[in-house]
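Report on the following structure.
Please treat every number below as a calculation from the coordinates, not as lab data. The shown structure was predicted, so the numbers you read here are calculated from the model rather than taken from an experiment. Methodologically, a virtual Cβ is constructed for each residue, glycine included, from the backbone with ideal geometry; neighbour enumeration extends over all protein chains shown.
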Amino acid sequence: MKRFFPWNKEQRVRKDILRGVYEENLRIVGKGPAVIYKTRFYSAKRLMLPFLISLMILMFQESFVPTPMQQRSQITANTFQKAYQPSAGGVSEEGPSNYKSFISSPGMPISRIFGLGVRTIMIDPGHGGNDTGTKGEMGTKEKDIALDIAKRLRDRLKKYGNYNIVLTRDSDVTVPLNRRVEMAKASKADLFLSIHLNYLPSRPINIIETYYFGPSSDPKILKLAEQENAESSYGNSDFREIIGKIGDTMKLQESKEFAASIQKKLFMNMRKETGTAYNFGVKRAPFVVLLGVDVPSVLAEVSCLSSKEEEVQLNTESHRENIARYLELGILEYLNKGDVTHEARRHTEK
């Protein structure tokens, strides 16, 4: 039966998790669980209240049409219930430590449950300085195109006034990968987007693909990661320290969602514009720059210089501006997921 009055599921679940953490801490220090017993007294009027509410629900159920927000609340609630089943007291029957399995659930939007927002967005134009990246037959350099698109994207995002936009480089200079990671941490970035261009000599087509950090057995992806990681200044001891971050559940979840939004908007609009783009999808790859950053981070291969037609287009300002706009749309879709107004509006976006 549909609920007449939708509940705020996320607030209740957040309270349950924090309560679970608190009770587990009490167990650790030897004080035992903090169980609170409440004595409830029911008058005749209180006993009648559930009956009256049920009667109202039955009267309006046939004519009631849920709003988009109510539909989404019910979907979100069902997702929560699959991963987390609270007892009547509000804490999982499996004990306070169940919050750990709750957090590790792959389908649980942890950042949204705890109200974690995005204030600072870091845009990383790939390569630069002595590191030119890939190069097209016309002499177009990846480092130059990536920087131009990054600047255009920065300017587009600044107009909203809600975000602090930072570039890892705003000129043709060499910036080691570990320095880019340090800059993201120093700027307290909440989101990290690295912009690159592809090159496939065996397949001179324009492909679009987006990566988030993770292991891969694909030799082509590993070769690409080797090339992108070449400028890393990390030593073995440094890498052992940051490799422990692979298990960061929230970062993994959000990076995957972020990559999906970028890939969707970038490919869909590029295909409409040129008619020749190919969707190579969202993939995992061991890029060092994505591993080192502590926040949701993706690497987008926004174009392909091995395509002669695409290289010609990349040398026009209008095409570079369009790519920046597609990235903007991808970022906004990720940031506004769950916003009903945005969900209704995004269908009209180009």
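Points to keep in mind about this one:
- Cβ-based net charge around M183, under 11 Å, with every Lys or Arg adding one and every Asp or Glu removing one: +3
- Sorting R169, R325, R203 from the fewest to the most surrounding beta carbons within 10 angstrom yields R203, R325, R169.
- Neighbourhood net charge (9 Å Cβ-Cβ; Lys/Arg +1, Asp/Glu -1) for L167: +1
- Neighbour-count ranking [beta-carbon atoms within 10 angstrom, fewest first] of T316, T276: T316, T276
- Across segment 179-184, coupling constants 3J(HN,Hα) worked out from phi with the 6.51/-1.76/1.60 Karplus curve, θ = phi - 60°, read 5, 5, 5, 4, 5, 5 Hz, and Gly and Pro carry x.
- Listed by Cβ neighbour count within 10 Å, with the fewest neighbours leading, H127, H319 appear as H319, H127.
- Hz values of 3J(HN,Hα) by residue in segment 262-277 - Karplus curve (6.51, -1.76, 1.60), Gly and Pro given as x: 4, 4, 4, 5, 5, 5, 4, 7, 5, 5, 5, 6, 9, x, 10, 6
- Karplus-derived 3J(HN,Hα) values for segment 123-131, using 6.51 cos²θ - 1.76 cosθ + 1.60 with θ = phi - 60°, are 10, 10, x, x, 6, x, x, 5, 9 Hz; glycine and proline are entered as x.
- Cut-off under 5 Å, modelled amide H: who pairs with N164 long-range: T120, I121
- Rounded to the nearest 0.05, the FRET efficiency derived from the C-beta distance between K135 and R271 at R0 = 22 Å is 0.30.
- Close amide H contacts of C304 (hydrogens built in the peptide plane, cut-off under 5 Å, sequence separation of 5 or more or a different chain): N198, I207.
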